[in-house]
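The values are calculated or read from the model by the stated rules, or taken from the named source; none is laboratory data. In this text the structure is predicted, and so the values were computed from the model without any measurement. FYI the Cβ positions are ideal-geometry reconstructions off the backbone, even for glycines, and counts take in every protein chain you see.
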Number of protein chains: 4
Amino acid sequence: MAANPVMDYQTLLDRVHAAVKPLIGAGKVASYIPELAKVSPDHFGIAIVDLQGNVYQAGDAEIPFSIQSISKLFGLTLAFHLEGDSVWSRVGREPSGTPFNSLVQLEQERGKPRNPFINAGALVITDMLLTHHAARGGAENAMIRFIRTLSDKADVGYDRAVAESERLTSHRNAAMANFMKSFGNLNNDVNDVIEAYCRNCAIAMSCVDLARAVTFLANQGAVPWSNEKILDANAAKRINALMLTCGTYDAAGDFAFRVGLPAKSGVGGGIVAVMPGECGICVWSPALEASGNSYAGSVALEMLTSMSGRSIF
Amino acid sequence: MAANPVMDYQTLLDRVHAAVKPLIGAGKVASYIPELAKVSPDHFGIAIVDLQGNVYQAGDAEIPFSIQSISKLFGLTLAFHLEGDSVWSRVGREPSGTPFNSLVQLEQERGKPRNPFINAGALVITDMLLTHHAARGGAENAMIRFIRTLSDKADVGYDRAVAESERLTSHRNAAMANFMKSFGNLNNDVNDVIEAYCRNCAIAMSCVDLARAVTFLANQGAVPWSNEKILDANAAKRINALMLTCGTYDAAGDFAFRVGLPAKSGVGGGIVAVMPGECGICVWSPALEASGNSYAGSVALEMLTSMSGRSIF
Amino acid sequence: MAANPVMDYQTLLDRVHAAVKPLIGAGKVASYIPELAKVSPDHFGIAIVDLQGNVYQAGDAEIPFSIQSISKLFGLTLAFHLEGDSVWSRVGREPSGTPFNSLVQLEQERGKPRNPFINAGALVITDMLLTHHAARGGAENAMIRFIRTLSDKADVGYDRAVAESERLTSHRNAAMANFMKSFGNLNNDVNDVIEAYCRNCAIAMSCVDLARAVTFLANQGAVPWSNEKILDANAAKRINALMLTCGTYDAAGDFAFRVGLPAKSGVGGGIVAVMPGECGICVWSPALEASGNSYAGSVALEMLTSMSGRSIF
Amino acid sequence: MAANPVMDYQTLLDRVHAAVKPLIGAGKVASYIPELAKVSPDHFGIAIVDLQGNVYQAGDAEIPFSIQSISKLFGLTLAFHLEGDSVWSRVGREPSGTPFNSLVQLEQERGKPRNPFINAGALVITDMLLTHHAARGGAENAMIRFIRTLSDKADVGYDRAVAESERLTSHRNAAMANFMKSFGNLNNDVNDVIEAYCRNCAIAMSCVDLARAVTFLANQGAVPWSNEKILDANAAKRINALMLTCGTYDAAGDFAFRVGLPAKSGVGGGIVAVMPGECGICVWSPALEASGNSYAGSVALEMLTSMSGRSIF
């Protein structure tokens, strides 16, 4: 991927922002969690953080939003960091080909989720983290602390109202968790896993925070400003590969085709993406397309790679 | 992807060849087509062709083998070249999540195959090409001619014995073709489509030929030595994205995770891969792992990206 | 099942005919075969033949119509008559739970159809009969001859226009036949099987003919007027059981619940039913409900069992 | 069904008992609930109760065992008794075609179980009963009281150890209950439904008790000795139809084919069956065939209908 010398990141973001404006608000804000349904569809923010730590932004890039499934990326990273390749004995790494909360596949594959970015997979990862931290004397907030390290921001937290709203509507997640427990692929109490999972989904961060938090994946696994090694280069590359094939629900093929960057989306309307060797990116706009990805957000990323000629392919 | 200055391509191939030797022959040669079952599992060849046209090779890199599903890549490229984005009205671009010849998904999605790299998708592409060429006065060998252009080799042809063997055992492909016809997604006679499809699968090429034939995908869509533009840069990038998410049957996620390069495999034991901006690659070893990809071949590609530190991520 | 002394069959049929009149024509005539789409939805006929051979009828009970899937009952009976229990090595006897022409189940069960009353199962039965008769020196019309024996009517034949129309639109059946051949569960040429199958579906008979043709199933396997033993008592009972659980597509549970008689329906609008120990029944009305059974016909049968207090339960 | 004058019920049971002896113990005792695994596979009991209340029995016909899924028959009867046809708005009446605790079908059909005899359907029925009785001021033991009425036995109760063992291993049921709740097809708290369901499964009864308890279904819905009308004749006939098509898990077609009687089985090894107009039947032997029905029990019922020439067909 050759850098395009003609256009700097700020100019790029401004052009993308201008071009995407007519599309902001098109699609549907996630409504199955009442608290999320309250967010206005008219927000749009985008941010880039390069390997020197420089921040470029446009629109509502500093407004915190519910990161939702983007937390699955941090959960997987933390589990991979702590447990290494043993993670893959309990969760696969293939695209699912079906909606993110499907039970069909889980039944066919006897309780082993296809990948860590569908809900079932993230529940297993959450279970691993609970076991790990319980064995080390409590650790309610290990995930929050980890994200603070990655994003270099001390006050990241979760929104209690969203977490509670999430928990009250999580019957399908409870179905999957019980189902995996029936196959022996969940070690902790189902309710504890669901609660931790809902809390992680309810973490609130801005585009700038999130772009910063994923920059280590563009930097061979090391946080650029602290040089802290989160993952080795090989592991970081693998997380990127997983994002590309599984990061955007059952639109991953289409997303790779159109955008061509490793990315992870959430139903709060956020999408993080990685340009290996260059930068971390985050875009946010709450209205979603049918697969659950931000509509304006994914178009913005497509514009960004088309205008800049940058992608991994 | 930064080039690794320490190791040149020839050294890299020699080291990979040496390291993979103990694994050559592990796995199973495809047996459902009698002609393929006759090939010795002990072959191994690998070749790289860079953007200057330089050829690097090791092992049996000049022995022709049956390209099988690698022909799907050339079929899609030709259809995309001729028809552009209208291709996607009849075939999707999502990973299938199920075996390459599954009918279940085809039923759920009412006759529109998930992507052009599963058999059903390739049958639709074949149907498009038949219609296109029939309208222009015959053209039995359009595909062969196209591959000759890409590979700069005048004597590429197909193996009649393999094509016939293939046709006689193609009941499942006939099932899928009839099924798609029942949904209106096949315009030509089913037998004509099957015959053309089997002929394309039976094309015989060597690693060197194939590495050369895919180099345009590493060069923004242009054949390096002739500067002939096969696809525009954007389209070439998209074909690469499709290979990454769908090119290696239902092991695509795992392959992206381990190898990290766009690739397309065939049950003849060949795998082509692309390093954007750098080179085309082909590896061949006939014994397959459970998903239908060459076992030694995919390990060799994993070694190649690990040893060189090169991948798209 | 105690006979209801109050109401004789003729009175019963007249009352059912009067009561069902407002519903005749509701639903949709099968349109996927052009020839069937030409039939007026306003027909309604019903006939009963008791074990003494007495015929009771109302409405259009002597107009021939396309028996379609009712031929599956005769095919199975003939195969069971000729081959006995070895039939069950190639076809199951469980309700399918999915539409009559689904390929999903066939894939899960590796080419062995769920039961002989779904299309896939009937194709296997047709294949058995082809093999059987081919080995005995031709026998194009074995099925026709068999039905003539059962119905005591010399001029039963098939409608060539319907058979041809059927064959031209049988891509999905061709898909299933090829699919089963790929699993080794079809011995004859796919085209030969499809052609024989389409011819059997195109047999034309009236309600009176059909009621007569199934009376042996109410008489422990013997044709009442000739005393010819078609099946032993145990086998006849088993065919009835299969009709009850599998005879009316994926509405079999509902049909058993509402009507409570063994029955086999066809998309031509006919339904045959059996009252063990009492009589054979046939009703016909071309407009179908969503599962492919005659709408007015199934309501008429429900009325018939409710009014008479007769059913097997 | 003509009564066979040659053989009285006692002679029939003695012959069946003698003939089935070599098969007792073949198969596997249910092991997923630890308490059930403790039962010896060598038990065999059988009982018939006719419409005059006469009891015929052989073997261990007075030893209580865990009725398990046979409770689904009593649950449905009670719900149908209380709510009438509105039951069918929340549960279907088609054979499922898949294992009794599958989630796949539940997903395809958006939370409405196929029939009341698979676990998901019984959970919905349990939910209906909880709502009904809660609205009428508590009623923990409504089911127990109902069964006491049917079986004319005052001391029917449930086994607390089995109920608790059941509850602790009911993750898959919890998965289904949560899943249906996510579709809005469960009104009470998931844990309350599971607990009531497990208690019902843990009811302990003998063959004699159970044969007596189902005799009303052979008697047009009325308990013979008390003349209490539980269901009208039409509803009783419909329950019998449901048992025939859905009562023996995914072997219902085979069971109808071989036995030819409406029946409901449980993984405790019991099977109840009904001869309309004649008698209630119960057989028990703990070792199961692959579908979860008592192996010796189902063979015994097949012998019983073959030897007597009695069945509904």
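Among the listed residues A:Ala47, A:Ala26, which satisfies the condition of being touching a helix residue (DSSP H, G or I) at 6+ places or on another chain (Cβ under 8 Å), buried (at least 18 other Cβ atoms within 10 Å of the Cβ) and of a type in the set (Gly, Ala, Ser)? Show your work before the answer.
Details: A:Ala26 fails: buried (at least 18 other Cβ atoms within 10 Å of the Cβ).
Matching residue, one of A:Ala47, A:Ala26: A:Ala47.
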Check whether at least one residue in the range B:231-247 is polar (S, T, N, Q) and more than 9 Å from every other protein chain (Cβ to nearest Cβ), and report yes or no. no
Among A:Ala273, A:Ala263, A:Ala300, A:Ala287, which is the only one that is farther than 24 Å from A:Gly53 by Cα, in contact with a helix residue (DSSP H, G or I) (Cβ under 7 Å, 6 or more places away or on another chain) and either surrounded by 24 or more Cβ atoms within 10 Å (Cβ to Cβ) or in the same structural domain as A:Ile63 (by TED's automatic domain parsing) (or both)? A:Ala287
By residue number, the members of the range A:248-259 that are hydroxyl-bearing (Ser, Thr, Tyr) and either in contact with a helix residue (DSSP H, G or I) (Cβ under 6 Å, 6 or more places away or on another chain) or facing chain B (nearest Cβ under 9 Å) (or both) are A:Thr248
For the range A:52-69, which positions are hydrophobic (A, V, I, L, M, F, W, C) and over 17 Å from A:Lys153 (Cα atoms)? A:Ala58
What is the one condition in (1) more than 10 Å from every other protein chain (Cβ to nearest Cβ); (2) more than 11 Å from the chain's Cα centre (by Cα) that C:Ser306 does not satisfy? (1)
Give the residue, chosen from C:Glu107, C:Glu94, C:Glu140, that is in a helix (DSSP H, G or I) and at pLDDT below 95. C:Glu107
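I'd like to check something: does the range D:236-247 contain any residue that is touching a Phe, Trp or Tyr at 6+ places or on another chain (Cβ under 9 Å) and among the polar types (S, T, N, Q)?
Just the residues of the range D:236-247 that are touching a Phe, Trp or Tyr at 6+ places or on another chain (Cβ under 9 Å), to begin with: D:236-247.
From the residues that got through so far, the ones that are among the polar types (S, T, N, Q) too are D:240, D:245.
Looking for residues that are touching a Phe, Trp or Tyr at 6+ places or on another chain (Cβ under 9 Å) and among the polar types (S, T, N, Q), one finds at least one in the range D:236-247, hence yes.
So, A:Ser311, is that one within 14 Å of chain B (Cβ to nearest Cβ), small (Gly, Ala, Ser) and in contact (Cβ under 8 Å) with a residue 24 or more places away in the chain or not?
Numbers: within 14 Å of chain B (Cβ to nearest Cβ): yes; small (Gly, Ala, Ser): yes; in contact (Cβ under 8 Å) with a residue 24 or more places away in the chain: yes.
Yes.
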Please pick out the residue among D:Leu103, D:Leu76, D:Leu82 that is more than 23 Å from D:Val162 (Cβ to Cβ) and out of contact with any Asp or Glu (no Cβ under 8 Å at 6 or more places or on another chain). D:Leu82
What are the residues in the range B:144-163 that are touching a residue at least 12 places away in the same chain (Cβ under 8 Å) and either in a helix (DSSP H, G or I) or aromatic (Phe, Trp, Tyr) (or both), if any? B:Ile144, B:Phe146, B:Ile147, B:Thr149, B:Leu150, B:Ser151, B:Tyr158, B:Arg160, B:Ala161, B:Val162, B:Ala163
Test C:Gln10 against the criterion of being farther than 23 Å from C:Ala287 by Cα and not aromatic (Phe, Trp, Tyr), and give yes or no. yes
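What do you reckon, is C:Ile125 of a type outside the set (Gly, Ala, Ser), buried (at least 20 other Cβ atoms within 10 Å of the Cβ) and within 19 Å of the chain's Cα centre (by Cα)?
On the way: of a type outside the set (Gly, Ala, Ser): yes; buried (at least 20 other Cβ atoms within 10 Å of the Cβ): yes; within 19 Å of the chain's Cα centre (by Cα): yes.
In short, yes.
Determine, yes or no, whether A:Ala211 is in the same structural domain as A:Gly59 (by TED's automatic domain parsing), in contact with a strand residue (DSSP E or B) (Cβ under 9 Å, 6 or more places away or on another chain) and crowded, with 24+ Cβ neighbours inside 10 Å. So that I can check it myself, show each step before the final result.
Working: in the same structural domain as A:Gly59 (by TED's automatic domain parsing): yes; in contact with a strand residue (DSSP E or B) (Cβ under 9 Å, 6 or more places away or on another chain): yes; crowded, with 24+ Cβ neighbours inside 10 Å: yes.
When the stated conditions are applied, A:Ala211 passes them.
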Residue count, the range C:208-267, condition of a type in the set (Asp, Glu), at pLDDT below 95 and under 25 Å from C:Gln10 (Cβ atoms), comes to 0
Does B:Leu150 satisfy being more than 28 Å from C:Ala175 (Cα to Cα), modelled with pLDDT of 95 or more and surrounded by 24 or more Cβ atoms within 10 Å (Cβ to Cβ)? yes
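For residues in the range A:183-195 being part of a helix (DSSP H, G or I) and buried (at least 21 other Cβ atoms within 10 Å of the Cβ), which is farthest from the other protein chains (Cβ to nearest Cβ)?
The first filter runs over the range A:183-195 and keeps only residues part of a helix (DSSP H, G or I), leaving A:190-195.
The next check asks that each one be buried (at least 21 other Cβ atoms within 10 Å of the Cβ); those that pass are A:190, A:193-194.
Values: A:Val190: 7, A:Val193: 12, A:Ile194: 10 Å.
Applying the filter and picking the extreme gives A:Val193.
Within the range D:110-137, can you find the residues that are in a loop (DSSP other than H, G, I, E, B) and at pLDDT 85 or above? Steps first, answer last, please.
If we filter the range D:110-137 for residues that are in a loop (DSSP other than H, G, I, E, B), which is where we start, we get D:110-118, D:135-137.
Answer for the range D:110-137, where residues must be in a loop (DSSP other than H, G, I, E, B) and at pLDDT 85 or above: D:Arg110, D:Gly111, D:Lys112, D:Pro113, D:Arg114, D:Asn115, D:Pro116, D:Phe117, D:Ile118.
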Residues in the range D:103-162 that are closer than 30 Å to A:Gln105 by Cα and in contact with a His (Cβ under 6 Å, 6 or more places away or on another chain) total 0
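Could you tell me whether the range B:73-82 includes any residue that is in contact with a strand residue (DSSP E or B) (Cβ under 7 Å, 6 or more places away or on another chain), more than 13 Å from chain A (Cβ to nearest Cβ), modelled with pLDDT of 80 or more and buried (at least 23 other Cβ atoms within 10 Å of the Cβ)?
Initial filter on the range B:73-82 (in contact with a strand residue (DSSP E or B) (Cβ under 7 Å, 6 or more places away or on another chain)): B:73.
Next, from what is left, pick out any that are more than 13 Å from chain A (Cβ to nearest Cβ): B:73.
In the following step, the residues that additionally are modelled with pLDDT of 80 or more were identified as B:73.
Imposing the further condition that a residue be buried (at least 23 other Cβ atoms within 10 Å of the Cβ) reduces the set to B:73.
The answer is yes, given that some residue of the range B:73-82 is in contact with a strand residue (DSSP E or B) (Cβ under 7 Å, 6 or more places away or on another chain), more than 13 Å from chain A (Cβ to nearest Cβ), modelled with pLDDT of 80 or more and buried (at least 23 other Cβ atoms within 10 Å of the Cβ).
So if I check each of D:Leu106, D:Leu82, D:Leu76, D:Leu36, which one is in the same structural domain as D:Arg172 (by TED's automatic domain parsing) and over 21 Å from D:Gln220 (Cα atoms)?
On the way: D:Leu82 fails: over 21 Å from D:Gln220 (Cα atoms); D:Leu76 fails: over 21 Å from D:Gln220 (Cα atoms); D:Leu36 fails: in the same structural domain as D:Arg172 (by TED's automatic domain parsing).
The conditions single out D:Leu106.
Looking at the range D:14-66 only, could you name the residues that are assigned to a helix (DSSP H, G or I) and basic (Lys, Arg)?
To start, the set of residues in the range D:14-66 that are assigned to a helix (DSSP H, G or I) comprises D:14-23, D:34-37.
Scanning the range D:14-66 gives D:Arg15, D:Lys21.
Could you pull out the residue among D:Glu107, D:Glu94, D:Glu83, D:Glu62 that is in contact with a helix residue (DSSP H, G or I) (Cβ under 9 Å, 6 or more places away or on another chain), within 20 Å of D:Ala174 (Cα to Cα), among the acidic types (Asp, Glu) and touching a residue at least 12 places away in the same chain (Cβ under 8 Å)? Before you say what the answer is, go through the steps one by one.
On the way: D:Glu94 fails: within 20 Å of D:Ala174 (Cα to Cα); D:Glu83 fails: within 20 Å of D:Ala174 (Cα to Cα); D:Glu62 fails: within 20 Å of D:Ala174 (Cα to Cα).
Sole residue among the options that is in contact with a helix residue (DSSP H, G or I) (Cβ under 9 Å, 6 or more places away or on another chain), within 20 Å of D:Ala174 (Cα to Cα), among the acidic types (Asp, Glu) and touching a residue at least 12 places away in the same chain (Cβ under 8 Å): D:Glu107.
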Is there a residue being modelled with pLDDT of 90 or more and touching a Lys or Arg at 6+ places or on another chain (Cβ under 8 Å) anywhere in the range A:163-171? yes
